[in-house]
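The values are calculated or read from the model by the stated rules, or taken from the named source; none is laboratory data. Since we're looking at a predicted model, the values are computed, not measured. Here the Cβ positions follow ideal geometry from the backbone for every residue, glycine too, while neighbour counts run over all protein chains shown.
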């Protein structure tokens with residue numbers, strides 16, 4: 001549920017912070033006051049693309065924040081945990097900062113986020129229905145999504161989608177294999193030869209580094225031995241050997257400590273140096289004993305290094321890529337061999353198609369059941385909206401296997417008695433399409449998981465008793481637990497049925513137009529409904545009429 005929307009320097013809004021409540025809320029005001037600007041701001045906070053020109057005149061940036069209560073929205077909570085963006089409480093904060101040059105930054109719970117992440121979250125937080133939303137209803141893809149949302153089988157549809165992709169990939173592979181069987185056979189033979197050659201090298205990168213180190217040592221063995229022998233001579237065998245001279249120094253300092261204890265630290269140091277020197281001499285002697293300069297071993301090392309280099313040049317592979325190449329060649333060989341096995345590509349394709357068909361059949365049955373209920377629900381809503389003998393159908397037409405199952409879904413409507421049910425864009429006129437769109441939305445989202453729904457002037461072209469029915473439908477929609485319905489409307493019949501009523505107005509300040517919004521009390525609501533009823537001049541009669549509407 002949307003708790004708060006804060007806007008700074010956005011179009012004609014300088015600074016605004018608005019709290020929202022659950023249930024049915026109406027937003028009213030004169031044309032151009034900025035009602036739809038609020039929806040535009042919220043849409044940007046939900047990841048909508050910025051079309052530019054949204055920063056208030058003479059300002060550097062616009063800043064929009066939306067706070068949501070997600071205590072009961074498990075889908076959002078799980079998403080935040082998966083993306084390590086969860087908050088310490090049951091609130092979610094989405095923020096969008098848009099600069100005058102069009103660049104923007106997004107934040108989720110104070111952490112930098114991408115617009116795609118905002119959009120993914122937004123789909124589970126808010127549904128916005130505009131006065132032109134019926135255009136999207138004309139798309140078969142939208143109609144399919146409405147049915148699947150209503151039926152609660154989105155997971156089944158997603159699994160069907162995945163299984164089709166698996167089958168289709170195997171199907172394409174099968175066709176390619178049958179077309180290029182000889183090419184694949186030659187590729188498999190070549191892979192076997194290359195893998196046998198590479199495996200014979202018994203190559204590992206760790207061994208390769210050791211091999212290079214051993215080669216370097218043995219190639220410079222004589223120089224190495226000369227250097228070590230020289231060091232040993234200097235340390236202990238020469239007349240002026242370091243170890244002997246250190247021993248003399250050690251004795252002198254030891255005697256001096258007896259005279260002045262302040263030399264104790266120096267005495268400890270020379271003792272340590274002498275011990276380490278003796279250990280160094282022993283270490284160098286041990287090294288000389290282990291040095292192996294066997295010419296035959298050097299030849300073996302050089303031959304192995306040459307074999308590795310030859311293989312790399314032959315197949316244009318760097319030595320550090322050998323191990324990864326072995327894995328990729330092995331995987332490709334396994335794939336090609338599986339094509340030729342008894343349970344090869346043909347058998348795998350059949351299994352995959354069977355799995356898809358089984359899941360798609362379940363989806364078809366679920367859709368048929370949901371289609372019947374949805375069609376009746378929309379028919380009932382249509383008849384309330386002055387389609388007195390109208391009828392609505394959800395048609396499922398069998399089709400070849402596809403990403404979306406085994407049927408095409410299409411909405412059909414018969415707006416009056418005796419009319420043939422036809423696709424909705426052919427069955428209804430412009431005004432009828434607006435009412436039909438509202439009927440579909442109201443009837444189909446009764447099972448929606450999204451807790452906040454915003455209707456932006458969807459009641460355009462509706463009036464009289466139908467307008468009152470629209471208001472009752474929207475109020476009923478907002479009566480569900482943890483459900484929030486916000487409606488931007490020009491109809492007093494709709495606004496008077498709202499539980500909460502906000503008025504949007506604009507003022508001229510410092511040669512600028514600014515938009516303001518506030519929650520109205522009962523007296524203010526009477527005046528606003530009266531304004532919507534009476535136009536320019538508000539009379540006592542219109543006020544009394546407004547009171548009656550609010551008390552009804």
Which helices (runs of 4 or more DSSP H) does region 172-279 wholly contain that include 3 or more residues that are within 30 Å of residue 312 (Cα to Cα) and under 58 Å from the mean Cα position of the chain (by Cα)?
181-201, 205-219
Checking the conditions here, which among 313, 332 is assigned by TED's automatic domain parsing to the domain that holds residue 192 and under 24 Å from residue 171 (Cβ atoms)?
332
Go through region 68-96 and give me each residue that's surrounded by 17 or more Cβ atoms within 10 Å (Cβ to Cβ) and closer than 27 Å to residue 10 by Cα.
68, 69, 70, 85, 92, 93, 94, 95, 96
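Here is a yes/no grid of residues against (1) in the same structural domain as residue 302 (by TED's automatic domain parsing); (2) in contact with a strand residue (DSSP E or B) (Cβ under 7 Å, 6 or more places away or on another chain); (3) more than 30 Å from residue 309 (Cβ to Cβ); (4) modelled with pLDDT under 85:
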residue	(1), (2), (3), (4)
202	yes, no, no, yes
213	yes, no, no, yes
216	yes, no, no, yes
237	yes, no, yes, yes
242	yes, no, yes, no
250	yes, no, yes, no
254	yes, no, yes, no
Can you find, within region 475-500, the residue that is nearest to the chain's Cα centre (by Cα) among those that are surrounded by fewer than 24 Cβ atoms within 10 Å (Cβ to Cβ) and in a helix (DSSP H, G or I)?
477
Looking at residue 194, is it more than 30 Å from residue 349 (Cβ to Cβ) and in contact (Cβ under 8 Å) with a residue 60 or more places away in the chain?
no
Within region 505-532, the residues that are crowded, with 17+ Cβ neighbours inside 10 Å, under 46 Å from the mean Cα position of the chain (by Cα) and closer than 19 Å to residue 471 by Cβ are 520, 525, 526, 528, 529, 531, 532
In region 377-389, residues that are touching a strand residue (DSSP E or B) at 6+ places or on another chain (Cβ under 8 Å) and either surrounded by fewer than 16 Cβ atoms within 10 Å (Cβ to Cβ) or without any contact (Cβ under 8 Å) to a residue 40 or more places away in the chain (or both) total 1
Take the conditions modelled with pLDDT of 90 or more, assigned to a strand (DSSP E or B) and assigned by TED's automatic domain parsing to the domain that holds residue 40 and apply them to residue 80. Does it pass?
no
If I ask for residues that are assigned to a helix (DSSP H, G or I) and either more than 28 Å from the chain's Cα centre (by Cα) or closer than 20 Å to residue 450 by Cβ (or both), which ones from region 37-63 would you list?
38, 39, 40, 41, 42, 43, 44, 45
Restricting attention to region 134-164, report how many residues are in contact with a helix residue (DSSP H, G or I) (Cβ under 9 Å, 6 or more places away or on another chain) and in contact (Cβ under 8 Å) with a residue 24 or more places away in the chain.
19
Before we move on, is residue 281 surrounded by 12 or more Cβ atoms within 10 Å (Cβ to Cβ) and within 24 Å of residue 194 (Cβ to Cβ)?
no
Might you let me know whether region 284-304 holds any residue that is touching a residue at least 40 places away in the same chain (Cβ under 8 Å), farther than 30 Å from residue 230 by Cβ and surrounded by 11 or more Cβ atoms within 10 Å (Cβ to Cβ)?
yes
